[in-house]
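Peer 1: I am attaching a structure below and will ask some questions about it afterwards.
The values are calculated or read from the model by the stated rules, or taken from the named source; none is laboratory data. A quick note: this is a predicted structure, and the numbers were derived from the prediction, not measured. Cβ sites come from the backbone with ideal geometry, for glycine too, and all protein chains shown count toward neighbours.
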Amino acid sequence: MGLVLLLVVARLFWRPLQWIGRVLANSLLAVVAIFLWNHWADHHGLGIGLNPVTALAVGILGIPGFALLLALRLFGV
């Protein structure tokens, strides 16, 4: 009975855990992308702050999230 309950609970939480794992992996790639961008862009005054919020924004939204952060930086918001 306990094994069946464990399998049911695991099945219920599989998709959310999969989504969280994907977001974390994308956020890690976003940190690398923002770091590389800042390495080039700081010389031109276009650096983007590297913090958990920006990493999650780019991790969840992808390239449009990066473009959004860059637009916010360019327009001084």
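Peer 1: Give the residues of the range 44-55 that are touching a Leu at 6+ places or on another chain (Cβ under 9 Å) and surrounded by 15 or more Cβ atoms within 10 Å (Cβ to Cβ), sorted by residue number.
Peer 2: Ile48, Thr54, Ala55, listed by residue number.
Every residue, every condition in (1) assigned to a helix (DSSP H, G or I); (2) among the hydroxyl-bearing types (Ser, Thr, Tyr); (3) in contact with a Gly (Cβ under 6 Å, 6 or more places away or on another chain); (4) exposed (fewer than 11 other Cβ atoms within 10 Å of the Cβ), yes or no:
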residue: Leu5; (1), (2), (3), (4): yes, no, no, yes
residue: Val9; (1), (2), (3), (4): yes, no, no, yes
residue: Pro16; (1), (2), (3), (4): yes, no, no, yes
residue: Ile20; (1), (2), (3), (4): yes, no, no, no
residue: Leu24; (1), (2), (3), (4): yes, no, no, no
residue: Ser27; (1), (2), (3), (4): yes, yes, yes, no
residue: Leu36; (1), (2), (3), (4): yes, no, no, yes
residue: Ile60; (1), (2), (3), (4): yes, no, no, no
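Peer 1: Restricting the search to the range 63-77, which residues are within 14 Å of Ala41 (Cβ to Cβ) and in contact with a Gly (Cβ under 8 Å, 6 or more places away or on another chain)?
Peer 2: Arg73
Peer 1: Being in contact (Cβ under 8 Å) with a residue 12 or more places away in the chain and surrounded by 10 or more Cβ atoms within 10 Å (Cβ to Cβ): is that true of Leu72 here?
Peer 2: Against the criterion (in contact (Cβ under 8 Å) with a residue 12 or more places away in the chain and surrounded by 10 or more Cβ atoms within 10 Å (Cβ to Cβ)), Leu72 does not qualify.
Peer 1: Does Gly65 satisfy being part of a helix (DSSP H, G or I) and either surrounded by 13 or more Cβ atoms within 10 Å (Cβ to Cβ) or touching a strand residue (DSSP E or B) at 6+ places or on another chain (Cβ under 7 Å) (or both)?
Peer 2: yes
Peer 1: Testing Asp42 on (1) part of a helix (DSSP H, G or I); (2) at pLDDT 90 or above, one condition comes back false. Which one is that?
Peer 2: Asp42 satisfies every listed condition except (2).
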